[in-house]
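In what follows, a structure is listed as structure tokens, so that the remarks can point back to it.
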Amino acid sequence: MQELKQSYHAYSAWQTQLQSCHSPLLDGERLEPPKLQALLYREALMKERNDRARRALLGLAEEE
């Protein structure tokens, strides 16, 4: 059950970061380059965390 909760929280955190990328990438909102870079970096980190949690939940081995 703990792995399921961890997986859900990782997915939720990734979705939050993904939503924050929509304004500058899809709606044309202007961000300074360092802020845009940080935004994309956070989204990538949350995506990695989500993928690891999902693989653990499914019992799949970590990629080397």
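The fewest-to-most ranking of 51, 27 by surrounding Cβ atoms within 10 Å reads 27, 51.
Protection proxy ranking, highest mean first, for peptides 35-42, 1-8, 13-20: 13-20, 35-42, 1-8, where packing is the per-residue count of other beta-carbon atoms within 10 Å, averaged. Helical runs (DSSP H, four residues minimum) scored at -39500 (n - 2.57) apiece and divided by the length of the chain put the mean residue ellipticity at 222 nm at -28500 deg cm²/dmol.
Computing Rg and Dmax of the Cα atoms in Å for the structure here picks out one of [x] 15.6, 51; [y] 13.0, 38; [z] 14.1, 42, namely [z]. Label-to-label distance, residue 19 versus residue 2, with points set 7 angstrom from Cα along the beta-carbon direction: 2.9 nm. Taking every alpha-carbon pair under 8 Å whose residues sit at least 6 apart, the range 2-58 reaches a relative contact order of 57 percent. By how many degrees, 0 to 90 and rounded to 10, does the Cα axis of helix 33-58 deviate from the longest principal axis of the chain? Rounded to the nearest ten degrees, it is 20.
No lab work stands behind these numbers, since they all come straight from the coordinates. Since the model is a prediction, treat every value here as computed from it, not as a measurement. Reconstructed Cβ throughout: ideal geometry from the backbone, glycine too, with neighbour counts over all protein chains shown.
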